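The values are calculated or read from the model by the stated rules, or taken from the named source; none is laboratory data. On a predicted model such as this, the values are computed, not experimentally measured, just so you know. Cβ sites come from the backbone with ideal geometry, for glycine too, and all protein chains shown count toward neighbours. Just the protein is used for accessible areas: all its heavy atoms, side chains included, with ligands, DNA and RNA removed. Shrake-Rupley method; radii C 1.70, N 1.55, O 1.52, S 1.80 Å.
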Amino acid sequence: MVNERTLIIVKPDALNRDLAGEAISRFERKGLKIVAMKMEHLPVYKLKEHYAHLAEKAFFEELIKYMSSIPSILMVLEGKEACKVARKLIGGTYGREAEPGTLRGDYSVSNQMNLVHASETPEIAEKEIKNFFAEKEIFEYNKTNFDWIYARDSKGEIV
Ligand code: UDP
Ligand code: MG
């Protein structure tokens, strides 16, 4: 199945630091398909829902302030194992520990200002996408380079 989806948020620090294009470009060049994209100044109530699992953490208030400070760019990306692929591209949560070569590893030195969000699992992605996108904002289309992004094995499976 190549239509697993993940939610990406290009966070306020990426926009403030002129790294939004770099972030988007890395996902695109990897081969993930952009099926939705928009800019939104995320409201506090939506962010509180998005980060509800962190509500008890000491950094929660600051996290919400940071994420609601200026607009973000939101995307839905599609691909085989899209969640795993995107998480690998962004790197670990803490910028100073994230692997070089990842977005966070290359551009972040912070535990909080780490440029991008990517859904952790397909189940979480589904919930997160619903929180930020209406179904009509998500596009279904064929890309002409599909056959150069994935191969097929002898059984016709996408590999
Ligand atoms: N965060 C923070 N302090 C921490 C851990 C996380 O401010 O000690 C922020 C950081 O921006 C992170 C977000 O909270 O991206 C969500 O945390 P999570 O553990 O889900 O990390 P992620 O999935 O983004 O790698
Ligand atoms: Mg997370």
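Descriptive notes on the structure:
- Annotation: Arg104 fulfils all but one of (1) over 14 Å from Val2 (Cβ atoms); (2) without any contact (Cβ under 8 Å) to a residue 24 or more places away in the chain; (3) among the charged types (D, E, K, R); (4) open to solvent by 20 Å² or more (accessible area, probe 1.4 Å); the unmet one is (4).
- All positions within region 21-34 that are of a type in the set (A, V, I, L, M) and either over 15 Å from the mean Cα position of the chain (by Cα) or surrounded by fewer than 20 Cβ atoms within 10 Å (Cβ to Cβ) (or both): Ile24, Ile34
- Some residue of region 51-59 being within 18 Å of Phe146 (Cα to Cα), in contact with a Lys or Arg (Cβ under 9 Å, 6 or more places away or on another chain) and open to solvent by 40 Å² or more (accessible area, probe 1.4 Å): no
- Residue in region 113-124 that is open to solvent by 20 Å² or more (accessible area, probe 1.4 Å), in contact with a strand residue (DSSP E or B) (Cβ under 8 Å, 6 or more places away or on another chain) and over 20 Å from Lys30 (Cβ atoms) present: no
- Scope region 79-122; condition of a type in the set (D, E, K, R) and within 13 Å of ligand 2 (Cβ to nearest atom); matching residues: Arg87, Arg104, Glu120
- Every listed requirement among (1) in contact with a helix residue (DSSP H, G or I) (Cβ under 6 Å, 6 or more places away or on another chain); (2) free of Cβ contacts under 8 Å to residues at least 12 places away in the same chain is met by Arg29 save one, (1).
- When we screen Glu97, Glu135 for residues that are more than 16 Å from ligand 1 (Cβ to nearest atom), acidic (Asp, Glu) and either over 18 Å from Glu22 (Cα atoms) or buried (at least 19 other Cβ atoms within 10 Å of the Cβ) (or both), the only hit is Glu135.
- Check on Glu62, acidic (Asp, Glu) and within 12 Å of ligand 1 (Cβ to nearest atom): yes
- Of the helices (runs of 4 or more DSSP H) entirely within region 1-54, those holding at least 3 residues that are closer than 22 Å to Glu123 by Cα occupy 44-50.
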